[in-house]
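Below is one structure, written out as structure tokens; comments come after it.
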Amino acid sequence: MLLLLLTLAVAIAAQDPPATTVAALRQGNAVFLHWNDFHGQFRPQLALWKARGGGDRRPIPHVGGAAALAGHVRRVRAEAATTGQRVIVTDAGDWYQGTIEGNASKGLLAVQFLSRLQPDAVAIGNHEYDFGPDNVRALVAAAKFPVLGANVLIENSQQRQLCDYVRPFHVVAVHGVKIALIGVVTADTKAVSTGPWGDATFEDELAAVRATLPAAKAAADVVVLLTHCGLETDRELAKAFPEIPLILGGHSHTGLKQPYVEGSTWIVQTHGKASEIYRVDAHVHADQKRLELLRGDLIELDPRTHPDDPDTAAWIAQQTRDLTARWDRVIATLETPLDDDRSSRSTAAGNLVCDVFVQAAKAQLAFSNKGGIRTRLQPGPLTPRMLYELLPFENNLVSMDLTGAQIRAVLQAALGKERRPLEIGGGRYHYEVVDGERKLTAVWVGDVLIADDKTYRVATSSFLARGGDGLSAFADGKNVQDHEVLLRDVLIGKAERDGKLVADGTNRIMFDDAGK
């Protein structure tokens, strides 16, 4: 996966920027403002990706947040009103999940915020299902915007039938041209969200677009995709449907400094969490019923140049007053930095989380998926909010008995193509990369090699325990115990007891790449 991402980054960087001139931009009569993966990021976030090496200790800035996002949208709309431009505002899903503000209301506050911005269309994301189907219905009922999901189907229906809370597409009129926005969510929704999902099933994205296109083309002159399925799937969609000029993407948090051009299709996406907004300038040719893309810009919401909307800031402060009092008290000191690196190595954050699980469950080993660790933390005063945002999902601590052979099966499954290795506590493991395939070679409990026929006590999350992330071998565990405590509360409890948290930065996931 690391090699794939590096290759993709090089390919993106190597592309020439879309050709444009000042004169052409002045002719643009349409502006797309797009963001993805808001994840309830109401507050500005620390831009840790701007951290400088070499001992440079200049302060790291905060960027983005809901009020900055709202301010930018409103300023662009005001400017456009004076020039006759039509502004099309879109959100590509995952409205909440990862912050207290987003989760305390089970996403309702995020929906209320988005409704204040009056987007033209919003795609449903996989994390919209994290509190179950009844909550999804309640969120959509509260939404004052069209919610799209052309591949959210009723399971076991005799014919292809959408769930009644989503639309397949929405049409917007732009200076005499009708543009249909088709929305899709990742087909892997059940593998990458908590659920339950009710009677919903998630159709292959290409199949859904193929099934929806005839109706969309009949209703509009141009079709644009609004997707929550990741850059790689967006590229496949662009190849399959070259007549679609623009894909407004999400899910993979791939911040593209320039539109990624696949054939004649532009793909855009931000890093997410309200840190940026994507602007695409375009011209609609009413006589030709055609959309001409002129320029795409990934705009970082730096507070120095993108001030907050004061009305939104006041509204957020009022809505979250009680949450601030509860979650922003200092409970301990963090003595080591914690990152959320999704690479092939272990991280200090993953080591800390797994070590705490081992201790709390009285287990020998612990495992965490990298995708369950959601933020980065710097050394210094530690609040419950910070640990909440590190482990935001509603997952309990679970322990079980697994044989050494079953543990090896779990780790090997996590080494599969396009997967991320599991973080580990209580031990370490080694694998080799041969011809692009990762093969587990050794696992240690402490300093002792694991024995296939021996039984070990293993701690993990309730998400993984039921086979989440496609790791079905966890579901074979015996003597399963739900400790009835949320993962983040285990970490918060340790911080309160000890007054500090110290992470081990040792790399516990070792590998040899035979291709090097």
statement: Taking the stretch 176-211 and keeping residues under 21 Å from the mean Cα position of the chain (by Cα) and assigned to a helix (DSSP H, G or I) leaves GLU205, LEU206
- request: Output the number of the condition that LEU69 fails; it satisfies all remaining conditions of (1) modelled with pLDDT of 95 or more; (2) under 15 Å from GLY250 (Cα atoms).
  value: (2)
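Among the residues of the stretch 442-477, which ones are over 22 Å from ARG428 (Cβ atoms) and assigned to a helix (DSSP H, G or I)?
Once the filter is applied, which keeps residues that are over 22 Å from ARG428 (Cβ atoms) and assigned to a helix (DSSP H, G or I), the stretch 442-477 yields SER462, PHE463, GLY468, GLY470, SER472, ALA475, ASP476.
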- line: The lone condition ARG116 fails out of (1) surrounded by 21 or more Cβ atoms within 10 Å (Cβ to Cβ); (2) under 28 Å from GLU389 (Cα atoms); (3) touching a Lys or Arg at 6+ places or on another chain (Cβ under 9 Å) is (1)
task: Would you mind listing the strands (runs of 3 or more DSSP E) fully within the stretch 212-296 where at least 2 residues are assigned by TED's automatic domain parsing to the domain that holds PRO44, surrounded by fewer than 20 Cβ atoms within 10 Å (Cβ to Cβ) and out of contact with any helix residue (DSSP H, G or I) (no Cβ under 8 Å at 6 or more places or on another chain)?
output: none
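With the requirement that a residue be β-branched (Val, Ile, Thr), in a helix (DSSP H, G or I) and farther than 19 Å from THR375 by Cα, what does the stretch 304-342 give you?
Correct list: THR312, ILE316.
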task: Take VAL76 and decide whether it is at pLDDT 95 or above, of a type outside the set (Phe, Trp, Tyr), over 18 Å from LEU181 (Cβ atoms) and surrounded by fewer than 21 Cβ atoms within 10 Å (Cβ to Cβ).
output: yes
Residue check, TYR456 within 26 Å of ASN395 (Cα to Cα) and at pLDDT 95 or above: yes
message: Being over 17 Å from CYS354 (Cβ atoms) and β-branched (Val, Ile, Thr): is that true of VAL480 here?
response: yes
field: Filter result for the condition that a residue is surrounded by 15 or more Cβ atoms within 10 Å (Cβ to Cβ), on the phi > 0 side of the Ramachandran plot and of a type outside the set (Asp, Glu), over GLY176, GLY195, GLY183
entry: GLY195
query: What number of residues within the stretch 424-438 are surrounded by 13 or more Cβ atoms within 10 Å (Cβ to Cβ) and in a strand (DSSP E or B)?
result: 10
task: Find all pairs meeting these conditions: Cβ atoms under 6 angstrom apart; at least six residues apart or on different chains; first residue within the stretch 485-505 and closer than 14 Å to THR383 by Cα; second residue polar (S, T, N, Q).
output: LYS500/THR333
- prompt: Which residues, taken from the stretch 466-502, are among the aliphatic types (A, V, I, L, M) and at pLDDT 95 or above?
  reply: VAL480, VAL485, LEU486, LEU487, VAL490, LEU491, ILE492, ALA495, LEU501, VAL502
field: Counted residues, the stretch 374-423 - those being at pLDDT 95 or above, touching an Asp or Glu at 6+ places or on another chain (Cβ under 7 Å) and polar (S, T, N, Q)
entry: 4
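The values are calculated or read from the model by the stated rules, or taken from the named source; none is laboratory data. A quick note: this is a predicted structure, and the numbers were derived from the prediction, not measured. Note that each Cβ is placed from the backbone with ideal geometry, even for glycine, and that neighbours are counted across all protein chains shown.
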